[in-house]
Amino acid sequence: MRLLIAMMKHETNTFSPIATPWQRFVDWGAYLGPDVVKAYRGTAMPIGAYIDLAERAGADLVTPIAAEAMPSGTVSAEAYKRLTDPILEAVAKVGIDAALLDLHGAMVSEDEPDGEGGLLEAMRRLAPGLPIAVTCDLHANLTERMVRNCTALIGYKTYPHTDMHVVGRQIGQVLLDSLEGKCRPVMAWGNRPLLAQTLRMGTADEPMKSLVEAARAAEAGPILAATVFGGFPLADMPDAGLSAIVVADGDRQAAAATRDALLDRAWGQRDDFLYRGEPLDQSIARARRIGQGPVLLLDHADNCGSGGTQDVMTVIAEVLRQDLDDVAVGAVWDPVAVEVMQRAGIGSTVTLELGGKTDMPSIGLAGKPLTITGKVKLLSDGEWICRGPMYTGVKVMMGPTAVLDTGKVEIVVTSRHHEPWDIGIFTSVGIDPRAKRYLVLKSRIHYRAGFAELARATITCDGDGVTTSDNSQLNFTRLRRPIYPLDRPNHWPED
Ligand SMILES: [Zn+2]
């Protein structure tokens, strides 16, 4: 048996000014051929589970590519071709029995608004009926084309995404069983006109908590896989928003009934998927009144893990203005500032124009640096290994990194984008996050993986940036309409 195993992942924020050329994938990790197995065997990723399953089954592995980039703007046509060509060439030339794909589900390229659907359709065009199993992120924007061109599809049930390996193993096993005739996967999928907000998709809280419980309850019965996708609301494409997919063993009716139950429940809770903000000065003032740390301050509108520029200084400026003490910031993306600090050297005092190097035309904001004076406390190559529970064992490459210490605030400054979901962002540069009173994190929900258990309190801070939860700042042009909450007709069809 010959199995194709590949990974292609990018969450595309079409409002983000950060370009996504092929190099961005190389920066995070783009592996070809046998290097795929070397990089991902034993990791907690879906592809790690696929490799494990295939090797145990004694299969020949064909691993054309495993590539991921941090979320950012629309993927260049060249990058999309370089991601998909190796997979399509393998399908065309090698002669494979089945494919196991580790995808995201919200990739938009210059010439393909449905990146994953385009790949799957092209694979099936070369090999009609090819059995294909797919894992997607909880933030996938599921499309009819994706579902039509695969055999079994599942998404993560956790946000932060700590069950990637579990769902990879689950859907990989379904596919292997189907090859042996032990089961016959059939799928039912659907969506509701609901643009849910990422900040309201944490699976420890409602409304996702009970939706995930319902999906798990279905899987405890005869259903092979059941997923509710929160969707990715910052990808301006027709199918953005909440959806569900159910894989049953031969029973289409059971799949459809389970799907409807999940979608009806989600639609009934649609108001709970909307984030309600608070003026920034009030949030920081609230933080000031909390006696004991660590208090997490979430700069969620500039979350590079959803395409943020990671150099918006609004929240940090307010932290300085209200004179918070004993603060660590993870992290500001500013390669120019890192170079300045490298030239100055450890121990020297520098005055910098920090951050604010990137304009955000989609939301009408120009980059606005913040003048800061501090000591260069540490310089590093920015490389470390995730301890988990997310991306456990995966190497992080933040690029040349520096710590700027103002006396009250220690700011980690990096040369590549990286969302703080693992305490390594601090420990790798000599900062103990448990000992700090405040931790400013440019993150929305993934911070929970590494930081929830050490936090005394968490405060959501509404700064500026292209991962805003304020829909009034975003101009959607390709999204299907009407959709809740952008449009509020008096009577929705399902009411
Ligand atoms: Zn995600």
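Please indicate, with yes or no, whether at least one residue in the stretch 302-312 is under 30 Å from TRP28 (Cβ atoms), among the acidic types (Asp, Glu) and either within 16 Å of the ligand (Cβ to nearest atom) or touching a Gly at 6+ places or on another chain (Cβ under 9 Å) (or both). Taking every residue of the stretch 302-312 in turn, at least one turns out to be under 30 Å from TRP28 (Cβ atoms), among the acidic types (Asp, Glu) and either within 16 Å of the ligand (Cβ to nearest atom) or touching a Gly at 6+ places or on another chain (Cβ under 9 Å) (or both). Looking across the stretch 39-76, just one residue is closer than 29 Å to PRO420 by Cβ and more than 23 Å from the chain's Cα centre (by Cα), and that is ASP52. Residues in the stretch 445-465 that are part of a loop (DSSP other than H, G, I, E, B) and away from the ligand (no atom under 16 Å from the Cβ): ALA455, ARG456, ASP462, GLY463, ASP464, GLY465.
May I ask you to verify whether GLN292 is away from the ligand (no atom under 16 Å from the Cβ), farther than 22 Å from CYS136 by Cβ, open to solvent by 10 Å² or more (accessible area, probe 1.4 Å) and not in a loop (DSSP other than H, G, I, E, B)? Against the criterion (away from the ligand (no atom under 16 Å from the Cβ), farther than 22 Å from CYS136 by Cβ, open to solvent by 10 Å² or more (accessible area, probe 1.4 Å) and not in a loop (DSSP other than H, G, I, E, B)), GLN292 does not qualify. Restricting the search to helices (runs of 4 or more DSSP H) fully inside the stretch 71-164 and requiring at least 1 residues that are within 16 Å of the ligand (Cβ to nearest atom), touching a residue at least 60 places away in the same chain (Cβ under 8 Å) and crowded, with 20+ Cβ neighbours inside 10 Å gives 115-126.
Considering the stretch 207-289, the qualifying helices (runs of 4 or more DSSP H), each wholly inside and each with 2 or more residues that are within 16 Å of the ligand (Cβ to nearest atom), run over 208-220. In the set LEU126, LEU138, LEU142, LEU199, only one residue is within 27 Å of PHE476 (Cα to Cα) and touching a helix residue (DSSP H, G or I) at 6+ places or on another chain (Cβ under 8 Å); that residue is LEU199. Taking strands (runs of 3 or more DSSP E) as the structural unit, those lying wholly within the stretch 333-444 and holding at least 3 residues that are open to solvent by 40 Å² or more (accessible area, probe 1.4 Å) correspond to 349-354, 370-380. What residue, among those in the stretch 16-27 that are open to solvent by less than 30 Å² (accessible area, probe 1.4 Å) and outside any loop (DSSP other than H, G, I, E, B), is farthest from ALA69 (Cα to Cα)? Ranking the qualifying residues of the stretch 16-27, first place goes to THR20. In the stretch 399-422, the residues that are among the hydrophobic types (A, V, I, L, M, F, W, C) reach residues that are open to solvent by 30 Å² or more (accessible area, probe 1.4 Å) with C-beta atoms within less than 6 angstrom, at least six apart or across chains, in these pairs: ALA402/LEU379; VAL403/LYS377; VAL403/LEU378.
Hey, can you tell me all the residues within the stretch 199-228 that are touching an Asp or Glu at 6+ places or on another chain (Cβ under 8 Å) and under 23 Å from CYS304 (Cβ atoms)? Residue satisfying the conditions is ARG200 alone. Scanning the stretch 445-488 for residues that are among the aromatic types (Phe, Trp, Tyr) and either within 19 Å of the chain's Cα centre (by Cα) or open to solvent by 50 Å² or more (accessible area, probe 1.4 Å) (or both) yields TYR447, PHE451. Every condition in (1) open to solvent by 10 Å² or more (accessible area, probe 1.4 Å); (2) farther than 21 Å from ALA127 by Cβ; (3) in contact (Cβ under 8 Å) with a residue 60 or more places away in the chain is met by PRO46 except one, and the failing one is (1).
The values are calculated or read from the model by the stated rules, or taken from the named source; none is laboratory data. None of these values were measured; they are calculated from a predicted model. Virtual Cβ from ideal backbone geometry, glycine too; neighbours counted across all protein chains shown. Each accessible area value is taken on the protein alone, full model and side chains, heavy atoms only, with ligands, DNA and RNA left out. Shrake-Rupley method; radii C 1.70, N 1.55, O 1.52, S 1.80 Å.
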